[in-house]
Every structure is written in structure tokens, then in C-alpha cells.
Amino acid sequence: MKENSFSRWFDRESGYSLHNQHIPSQRLVQYCCGREPEQSILDAVVQDKINLKVQKKLYTCPVCKKWFFREEGGYYPAGSLLQYRITESGKTNASD
């Protein structure tokens, strides 16, 4: 039983679980750790609502280093960066 409960916990809480590369549907926030997330030099390729791949700028909390996507009206938590193809801003990969 403990193995089963660990597996459920791991799938639910771990950044290493399989994901579909959609932005996690979590609540919109204005601040993290009392400060507004700052723009980073990284972009992530994600699928938008109509399943087109788009490159989105990543923002990070200056205190806890949690990652976010900027949306109108605030920030959505990005979750684990392991679920996205990450590039430096301004650089593209023509192999897509």
C-alpha cells in the first residue's frame, strides 16, 4: 500500500511526471514572495489553447526562483521547466 500511495504522491507532486506541455491551469497571481516576478533570459515553447506551439517568455521570482508565464493581468505558475523546450531569448531552433 505504501508504494501505491508514494506513486500517487509522486505523480501528483513531482516535476518529473509526464506532462502534455500545456501551461498548467493554476490561478493567476500578481506577486510571489511579496515581489513581482522579473523577466528572465529564457523562453519556453508551449502549446496554446488551440494546440499551436508558441514561444513564451519566462519570469522568475527574485526571492524563491519559482518560474512564471506573464499573462494579461498577472502571472501563471509555469511548474517544472523539465516539461518545456527551453531556449535563450532571441535564439530560435529551426528544426520545429
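The values are calculated or read from the model by the stated rules, or taken from the named source; none is laboratory data. What you see is a predicted model; the values in this text were computed from it and never measured. Please note: Cβ atoms are built from the backbone with ideal geometry, for glycine as well, and neighbour counts cover all protein chains shown.
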Pairs, please: C-beta under 7 Å, at least 6 apart or cross-chain, first residue farther than 15 Å from Gly34 by Cα and free of Cβ contacts under 8 Å to residues at least 60 places away in the same chain and in the stretch 65-83, second part of a strand (DSSP E or B) and of a type in the set (D, E, K, R)?
Phe69/Lys56; Arg70/Lys57
Looking at the stretch 51-58, can you tell me whether even one residue there is in contact with a Cys (Cβ under 7 Å, 6 or more places away or on another chain) and at pLDDT 90 or above?
no
Determine, yes or no, whether Leu42 is more than 19 Å from Leu28 (Cβ to Cβ), modelled with pLDDT of 90 or more and assigned to a strand (DSSP E or B).
yes
Restricting the search to the stretch 68-87, which residues are at pLDDT 90 or above and over 10 Å from the mean Cα position of the chain (by Cα)?
Arg70, Gly74, Tyr75
